[in-house]
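To start, the structure under review is shown below, and the notes come after it.
The values are calculated or read from the model by the stated rules, or taken from the named source; none is laboratory data. Just so you know, these numbers come straight off a predicted model, no measurement behind them. Positions of Cβ are generated from backbone atoms using ideal geometry, with glycine treated the same way; all protein chains shown enter the neighbour counts.
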Protein chains: 2
Amino acid sequence: MTVTPKIRLFVEHPLAEEQQVTLSREQAHYLFGVMRLTTGAQVALFNGQDGEYRAEVVEAGKRGGTLVCRDRIAPQSMPPDLWLMFAPIKKARTDFIVEKSVELGARRILPIQTEFTNSERIRQDRLQAHATEAAEQCGATFVPEVTELHRLDRLLADWPEGRQLMFCDEAQAGAHARLPDTDAPWAILIGPEGGFSDAERARLHALPYAHAVALGPRILRADTAAVAALTLWQTTLGDWR
Amino acid sequence: MTVTPKIRLFVEHPLAEEQQVTLSREQAHYLFGVMRLTTGAQVALFNGQDGEYRAEVVEAGKRGGTLVCRDRIAPQSMPPDLWLMFAPIKKARTDFIVEKSVELGARRILPIQTEFTNSERIRQDRLQAHATEAAEQCGATFVPEVTELHRLDRLLADWPEGRQLMFCDEAQAGAHARLPDTDAPWAILIGPEGGFSDAERARLHALPYAHAVALGPRILRADTAAVAALTLWQTTLGDWR
C-alpha cells in the first residue's frame, strides 16, 4: 500500500509519469529549508491541468532542486464554471474570502470595485499566492485565477454572453432564493459592507441574467455572505448536489 | 423620521419604555471613552429577550453611566433552536466559528472535545464576549450561549430527547444531504481537523437521531465546514427558507 504524500505543491509545469520538474528558488526553500525534505522524499504535485502526481525529490539544493513524477494519484478535477465576485474588505477578511472560494469550489475570483467599496487597491499577486496555498491545503487539483480589481459597472457593461449572475441583496431579506436550473456558467456577486448603491441595485435588478437572493433574516458580513452564497449555489446548482 | 442608532449594545438588564439602564464600567468606558458619546446621544440596546430599544444617554461618567429606554425599534427575534457543536482549533479560526454561528443563526454554541481534538482548553468568557460583539454588529437581538468545553462521548451519552443531529462526515463525500423535515430541535456537529476517530464515526452512524451529510467533493477546513453546514441547515430547515 502506498500513502499519499503529506506535502502538496502547485507547480507551473507539465506533469506526466517520469516527467522531471525543476523547482523555483522559493519552492526549493520551502521544501528543503522549511520542511527539511531530502532526496528520496515524496511530494504530491499538481498544476491545475494534469491531475495530481506523486513525485520524488532527486536533487535538493538551497536555490533549486528537481523532482521526478512517479504515478498519478488523482485525476484532474475542475470546480464548476463559477466566478466569485466580491468587494475587497479588510486584509484578513479578504484573504478569508479567497481561501474559502478555493475550498468551496470557484473557477475564478474577481475583486470588484463598487460605488461603496472602501478599498481601491488590492495586491493581486498576494491574493493569488493565497489561493494557491489554499488549494495545496484543501486537496484541490485546481487553483482559481484571482484577477486584478475590476469596476463593477465596466464588468457589467462587458458581461459575457450567457453567464448567469446571482447577487446577494440585503434588501431581499426574507425572499426565497430561486435560481434557474441551467447548465450555463454562473457568477456570484457579494456586495460591499456598505451595500450596493441605489443605482447599482436598480441596474442589477434590471439585468435579465441577474438573480437576487436573500441570505437569511440577519445581516451578514461580506465574508460570511461569500461562504453562505457559495454553499447555497453549490448545493443548488453545483457539484455538491 | 427617526434613525436607528449606529451603536448597538447588549445589556443584561430588563428593557421597556422609560426603563433606566445602569452601565457597567466596561460599557461606560466603551461608550464614553472609546466612542466619545455624551449625554443626549442615542444607542440601541438589546438583552436577548425584550427586543431592541432606542435609549438615550442621561448620565455619562468615567466609571459608569445611565441610559433611559425610549421606543422599541425591533421586536425580539430568536434564531431556530439549533446548536452548533465544534472542536476548537486555532484561536483566530475558533473566533471565526463563534462569530459566524451568531450571524448565521444558532441558539447555542458548544465547543466539543473529540478524540482527535488538539485544543483541550478554551477561554469560555472570551468566546462568549466574542459572541456578544458579533450580535451587536450583525443586528441580532439574541446572543447565543457559548458553553464550556464538553466531551463528545459524554454529551452523546446524555443527549436530549428528540434533538436531531446533523454531522459532517468527510467519508460521506459525494452523498447527498437528506435531512428529515421535522420541527424538532437540531444540533450540527463539525468534526476536528483530524476527522472523527473510527469509534466516534461508528457511534455517530449508529445513533437513530444522527444524520451524516457531505459538504461537497473538496476537503473543507473546520471553519469553512461550520459556515457551510449552518447555511445548508438554515436553507433546508431553518429561518432562511
So is A:Ala135 among the aliphatic types (A, V, I, L, M), within 20 Å of the chain's Cα centre (by Cα) and at the interface with another protein chain (Cβ under 10 Å from one of its Cβ atoms) or not? yes
Of A:Thr147, A:Thr141, A:Thr114, which residue is touching a strand residue (DSSP E or B) at 6+ places or on another chain (Cβ under 9 Å) and farther than 27 Å from A:Ala202 by Cβ? A:Thr141
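A quick yes/no check of all residues on (1) more than 13 Å from chain B (Cβ to nearest Cβ); (2) closer than 30 Å to A:Asp169 by Cα; (3) not in a helix (DSSP H, G or I):
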| residue | (1), (2), (3) |
| --- | --- |
| A:Arg72 | yes, no, yes |
| A:Lys100 | no, yes, no |
| A:Ala106 | no, yes, yes |
| A:Phe116 | yes, yes, yes |
| A:Asp125 | yes, yes, no |
| A:Val143 | no, yes, yes |
Looking for something touching an Asp or Glu at 6+ places or on another chain (Cβ under 9 Å), under 21 Å from B:Ala92 (Cβ atoms) and crowded, with 20+ Cβ neighbours inside 10 Å - is there at least one such residue anywhere in the range B:147-169? no
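Would you please name the residue that is nearest to the other protein chains (Cβ to nearest Cβ), looking only at residues in the range A:190-204 that are surrounded by fewer than 19 Cβ atoms within 10 Å (Cβ to Cβ) and in contact (Cβ under 8 Å) with a residue 24 or more places away in the chain? Give the steps one after another, and end with the answer.
Keep residues of the range A:190-204 that are surrounded by fewer than 19 Cβ atoms within 10 Å (Cβ to Cβ), which gives A:193-195, A:197-199, A:201-203.
So of that shortlist, the ones also in contact (Cβ under 8 Å) with a residue 24 or more places away in the chain come out as A:193-195, A:197, A:199, A:201, A:203.
Numbers: A:Glu193: 11, A:Gly194: 13, A:Gly195: 13, A:Ser197: 19, A:Ala199: 22, A:Arg201: 19, A:Arg203: 26 Å.
Ranking the qualifying residues of the range A:190-204, first place goes to A:Glu193.
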Kindly list the number of the only condition in (1) within 13 Å of chain A (Cβ to nearest Cβ); (2) β-branched (Val, Ile, Thr); (3) in contact with a strand residue (DSSP E or B) (Cβ under 9 Å, 6 or more places away or on another chain) that fails for B:Thr231. (3)
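Among the residues of the range B:116-128, which ones are over 13 Å from B:Phe96 (Cα atoms) and either surrounded by fewer than 16 Cβ atoms within 10 Å (Cβ to Cβ) or touching a residue at least 60 places away in the same chain (Cβ under 8 Å) (or both)?
The initial filter retains those residues of the range B:116-128 that are over 13 Å from B:Phe96 (Cα atoms), namely B:116-125.
Those that are over 13 Å from B:Phe96 (Cα atoms) and either surrounded by fewer than 16 Cβ atoms within 10 Å (Cβ to Cβ) or touching a residue at least 60 places away in the same chain (Cβ under 8 Å) (or both): B:Phe116, B:Thr117, B:Asn118, B:Ser119, B:Glu120, B:Arg121, B:Arg123, B:Gln124, B:Asp125.
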Criterion violated by A:Trp83 - all others in (1) in contact (Cβ under 8 Å) with a residue 24 or more places away in the chain; (2) closer than 19 Å to A:Arg221 by Cα satisfied: (2)
Within 15 Å of the chain's Cα centre (by Cα), assigned to a loop (DSSP other than H, G, I, E, B) and either buried (at least 22 other Cβ atoms within 10 Å of the Cβ) or within 14 Å of chain B (Cβ to nearest Cβ) (or both): is that true of A:Met78 in this structure? yes
Go through (1) under 25 Å from A:Asp239 (Cβ atoms); (2) within 14 Å of chain A (Cβ to nearest Cβ) one by one and return the number of the condition B:Asp239 breaks. (1)
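Could you look through the range A:217-228, keep only residues that are more than 7 Å from every other protein chain (Cβ to nearest Cβ) and in contact with a Lys or Arg (Cβ under 9 Å, 6 or more places away or on another chain), and pick out the one that is farthest from B:Ala228 (Cα to Cα)?
Looking only at the range A:217-228, we keep the residues that are more than 7 Å from every other protein chain (Cβ to nearest Cβ), and these are A:222-223, A:225-226.
Adding the requirement that they be in contact with a Lys or Arg (Cβ under 9 Å, 6 or more places away or on another chain) leaves A:222-223, A:226.
Details: A:Ala222: 15, A:Asp223: 12, A:Ala226: 10 Å.
Here the answer is A:Ala222.
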Only residues that are charged (D, E, K, R), farther than 14 Å from A:Ile112 by Cα and part of a helix (DSSP H, G or I): list them for the range A:145-171, please. A:Glu170
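In the range A:90-106, what residues are among the aliphatic types (A, V, I, L, M) and within 12 Å of B:Arg221 (Cα to Cα)? Spell out how you get there, then give the answer.
Of the residues in the range A:90-106, the ones among the aliphatic types (A, V, I, L, M) are A:92, A:97-98, A:102, A:104, A:106.
A:Val102, A:Leu104 - these are the residues of the range A:90-106 that are among the aliphatic types (A, V, I, L, M) and within 12 Å of B:Arg221 (Cα to Cα).
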Residue by residue through the range B:205-221, note down the ones that are touching a helix residue (DSSP H, G or I) at 6+ places or on another chain (Cβ under 7 Å) and either in contact (Cβ under 8 Å) with a residue 60 or more places away in the chain or within 13 Å of B:Glu170 (Cβ to Cβ) (or both). B:Ala212, B:Val213, B:Ala214, B:Leu215, B:Gly216, B:Arg218, B:Ile219, B:Leu220, B:Arg221
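Rundown of residues vs (1) assigned to a helix (DSSP H, G or I); (2) outside the structural domain of B:Trp186 (by TED's automatic domain parsing); (3) more than 14 Å from B:Val143 (Cβ to Cβ); (4) in contact with a Ser or Thr (Cβ under 7 Å, 6 or more places away or on another chain), yes/no style:
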| position | (1), (2), (3), (4) |
| --- | --- |
| B:Gly33 | yes, yes, yes, no |
| B:Thr39 | no, yes, yes, no |
| B:Val58 | no, yes, yes, yes |
| B:Lys62 | no, yes, yes, no |
| B:Thr66 | no, yes, yes, yes |
| B:Leu110 | no, no, yes, yes |
| B:Ile122 | no, no, yes, no |
Could you tell me whether any residue of the range A:207-216 is at the interface with chain B (Cβ under 7 Å from one of its Cβ atoms), farther than 12 Å from A:Met166 by Cα and crowded, with 17+ Cβ neighbours inside 10 Å? yes
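Within the range A:99-115, identify whether any single residue is under 21 Å from A:Gln27 (Cβ atoms) and free of Cβ contacts under 8 Å to residues at least 12 places away in the same chain, and answer yes or no.
Kept after step one, since they are under 21 Å from A:Gln27 (Cβ atoms), are these residues of the range A:99-115: A:99, A:102.
Then drop every residue that is not free of Cβ contacts under 8 Å to residues at least 12 places away in the same chain, which leaves none.
The answer is no; no qualifying residue exists.
Let's see how each residue does on (1) loosely packed, with under 12 Cβ neighbours inside 10 Å; (2) in contact with a Leu (Cβ under 6 Å, 6 or more places away or on another chain):
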position	(1), (2)
A:Thr4	no, no
A:Arg8	no, no
A:Pro14	yes, no
A:Val21	no, yes
A:Glu26	yes, no
A:Phe32	no, no
A:Met35	no, no
A:Gln42	no, no
A:Asn47	no, yes
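Rundown of residues vs (1) in contact with a His (Cβ under 8 Å, 6 or more places away or on another chain); (2) aliphatic (A, V, I, L, M), yes/no style:
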residue	(1), (2)
A:Phe32	no, no
A:Val43	no, yes
A:Asn47	yes, no
A:Glu56	no, no
A:Gly65	no, no
A:Pro79	no, no
